[in-house]
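What follows is a set of notes on a single structure, which appears directly below.
The values are calculated or read from the model by the stated rules, or taken from the named source; none is laboratory data. Because the structure is predicted, anything quoted here is derived from the model rather than measured. Counting neighbours? That spans all protein chains shown, and the Cβs are built from the backbone with ideal geometry, glycine included.
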Amino acid sequence: MSQWFKWLPKKEEEALGFAVVGIGRFGTAVCRELIRNGADVLAVDSSDRAIEELLQLEPSIEARKVDSTDEEAMREAGVLEMGTVVVGISEPIEASITTTLIAKDTEGSRVQNVIARATSDLHEKMLKRVGADRVIFPSRMQGERLGLELVRPNLIERLELDDQTGIDEIKVPDIFVGRSLRDLNLRKNFFVNVLAAGPSNRLTVNPPAKYILKKDHVLVVMGLMEDLQKLPEV
């Protein structure tokens, strides 16, 4: 394990964990990607069948039957204790809007970030009005990608070469700023290879060991995806 990784403070919302409300195809994809990246996840749905199907795929996940339009039910289930809530409900629209409002507006809620799924422009406007921090359309972003972004907020782009290997473009983590590639020795400490580094519009391919990383630089690294996800966050 790299000596750098243990120095990183946990972001408060990550420490509080993630809740995914509505576990259809989209919500299930978000859950599985979060779990794959080592996140604490609470999955809730009003359907017993949806919960059973998720548990068949991910037996270790914490999943509960909850009416997300009921404030007390959401509180008792622990959803309002999570730092980030993903509202994956698409229909009925009023359910997704009410769920978003409860997560953001309930007294004592610890939810800091609500990401809600929309099915139309009007739906998007209504979600934003009740406090959604971010609204997405599944046709524009798959659940897997959202799950990855939630646990790796400094990830700019990922190219998967196969089931195990990928190339990531990431923002340079704060603890890397001002250090040389030789000093960081990412191959030894993180088992990844540096392909390029520098400003996003002027990357240096195969940079020399003496290359110094700066605050607004990006890194392009290649390795096993399980190693890539261990790289420090910004």
How many residues of region 109-129 are in contact (Cβ under 8 Å) with a residue 12 or more places away in the chain, hydrophobic (A, V, I, L, M, F, W, C) and farther than 21 Å from Leu150 by Cβ? The answer is 1
Checked region 64-83 for anything within 21 Å of the chain's Cα centre (by Cα) and either hydrophobic (A, V, I, L, M, F, W, C) or surrounded by 18 or more Cβ atoms within 10 Å (Cβ to Cβ) (or both); matches are Val79, Leu80, Met82, Gly83
For region 138-145, check the following and say yes or no: at least one residue is at pLDDT 75 or above and under 28 Å from Asp216 (Cα atoms). no
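Could you tell me whether any residue of region 86-95 is in a strand (DSSP E or B), within 16 Å of the chain's Cα centre (by Cα), within 15 Å of Val30 (Cα to Cα) and in contact (Cβ under 8 Å) with a residue 12 or more places away in the chain?
Among the residues of region 86-95, at least one is in a strand (DSSP E or B), within 16 Å of the chain's Cα centre (by Cα), within 15 Å of Val30 (Cα to Cα) and in contact (Cβ under 8 Å) with a residue 12 or more places away in the chain, which makes the answer yes.
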Contact list, first residue from region 182-205 and among the acidic types (Asp, Glu), second anywhere and at pLDDT 90 or above and surrounded by fewer than 16 Cβ atoms within 10 Å (Cβ to Cβ), beta-carbon distance below 8 Å, six or more apart or interchain, is none
Note: among Val66, Val85, just one is within 18 Å of Gln112 (Cβ to Cβ) and in contact with a strand residue (DSSP E or B) (Cβ under 8 Å, 6 or more places away or on another chain), namely Val85
